[in-house]
1. Run down 234, 250 and say which single residue is in contact with a Cys (Cβ under 6 Å, 6 or more places away or on another chain), over 30 Å from residue 170 (Cα atoms) and open to solvent by less than 40 Å² (accessible area, probe 1.4 Å).
2. Out of 254, 220, 232, 264, report the one residue that is within 21 Å of the chain's Cα centre (by Cα) and either of a type in the set (Phe, Trp, Tyr) or over 30 Å from residue 283 (Cβ atoms) (or both).
3. For the list (1) among the charged types (D, E, K, R); (2) surrounded by 15 or more Cβ atoms within 10 Å (Cβ to Cβ); (3) at pLDDT below 90, I need the number of the one condition that residue 97 fails.
4. Given the criteria surrounded by 18 or more Cβ atoms within 10 Å (Cβ to Cβ) and out of contact with any strand residue (DSSP E or B) (no Cβ under 8 Å at 6 or more places or on another chain), does residue 255 qualify?
5. What's the total number of residues in the stretch 260-289 that are at pLDDT 90 or above, basic (Lys, Arg) and outside any loop (DSSP other than H, G, I, E, B)?
6. Output the strands (runs of 3 or more DSSP E) that fall wholly within the stretch 1-80 and possess 2 or more residues being open to solvent by 40 Å² or more (accessible area, probe 1.4 Å), or say none.
7. Can you confirm whether the stretch 135-146 contains a residue that is in contact with a Pro (Cβ under 7 Å, 6 or more places away or on another chain), within 22 Å of residue 263 (Cβ to Cβ) and not acidic (Asp, Glu)?
8. Considering (1) at pLDDT 90 or above; (2) part of a strand (DSSP E or B); (3) open to solvent by 20 Å² or more (accessible area, probe 1.4 Å); (4) touching a helix residue (DSSP H, G or I) at 6+ places or on another chain (Cβ under 9 Å), say which one residue 117 fails and leave the rest.
Amino acid sequence: MSAPLVIAVPAKGRLQANMEAFFARVGLELVKPRGVRDYRGTIANLPGVEVAYLSAAEVVELLAQGAVHLGVTGEDLVREKIPDADQHERKMRVATKYVNLTRDFFSSHGVTDYRIVESSGATEAAPAAGTAELIVDITTTGATLAANGLRVIDDGVILRSQANLIAARAANWDAVARASARSVLDRIAAQTHARAFREVRTRFARCDDALIAEAKQRFGVETPFGGPTSSGMLTLHCPPTNVHALATLLRDNGAENVVVADLGYVFSRADPLYAKLEAGLDRRHDGAR
């Protein structure tokens with residue numbers, strides 16, 4: 001029996017809440033069969049998938065080891081713990097937990113007169129304690145920095161980090177794991193596509209290819225089922241901001257009624273997320289990370 005696809009997710013905090021809401025929105029309900037304190041779970045109605053609840057840092061470590069297939073964690077941690085390039089020792093006192101990110105950023109800006117003071121506690125306290133002149137740290141509102149007499153310098157943003165779904169190339173990606181990953185990614189891609197559009201339906205005899213071409217050019221609409229049917233029935237997918245303008249165009253050209261509806265999912269033959277995963281796995285043999 002093949003091993004399950006393992007998805008590592010944050011075990012607590014705002015990142016966990018946002019992650020669970022994201023998965024729920026795409027129809028993937030995370031469940032803990034043995035209770036809320038369990039650190040292992042599943043996805044409802046999706047066999048072959050195991051969910052591991054870990055700290056954000058542990059998610060990155062297991063991704064780097066290939067011990068899990070997919071993981072949700074902050075981009076800042078991924079870039080710090082799995083650097084893209086060799087790092088070099090430098091020389092000024094900068095307190096941080098993000099050593100690799102800091103070195104890469106300073107190097108790319110030609111800054112060499114500094115040295116790293118690795119922080120194991122509250123990094124924002126380092127300047128007041130006299131152990132560093134600058135800090136590199138993550139912040140959401142800046143309130144903690146301000147409380148410690150610090151501020152973000154204008155050109156000092158290294159990375160705008162958000163939670164990412166990461167695939168571990170070193171994991172055992174057999175056929176069963178790939179099929180399970182495709183089930184997950186297909187739903188995410190379909191729901192993401194659906195959120196970008198509203199479905200617009202109408203029927204009128206004067207609808208023709210020229211009108212559809214104008215709608216595509218002006219409003220970025222898609223025709224998921226082609227042009228109008230023999231009865232004049234037409235279904236369009238339109239970005240939300242352009243729905244009223246599209247409805248006006250259709251009514252000006254003879255439509256009596258235009259119905260607009262939210263979309264739950266739009267499943268396409270091509271799954272861009274799974275295609276990206278497969279492309280990344282295929283590059284493993286070329287020495288890519």
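1. When all the criteria are applied, what remains is 234.
2. Selected residue: 264, the only one of 254, 220, 232, 264 that is within 21 Å of the chain's Cα centre (by Cα) and either of a type in the set (Phe, Trp, Tyr) or over 30 Å from residue 283 (Cβ atoms) (or both).
3. (3)
4. No; evaluated as a whole, the condition is false for this residue.
5. Count: 1.
6. Values: elements: 5-10, 40-43, 49-54, 70-74.
Fully inside the stretch 1-80 and qualifying: 40-43.
7. no
8. (1) is the only condition that residue 117 fails.
The values are calculated or read from the model by the stated rules, or taken from the named source; none is laboratory data. The shown structure was predicted, so the numbers you read here are calculated from the model rather than taken from an experiment. Note that each Cβ is placed from the backbone with ideal geometry, even for glycine, and that neighbours are counted across all protein chains shown. SASA here: full protein model, heavy atoms, side chains in, ligands and nucleic acids out. Shrake-Rupley method; radii C 1.70, N 1.55, O 1.52, S 1.80 Å.
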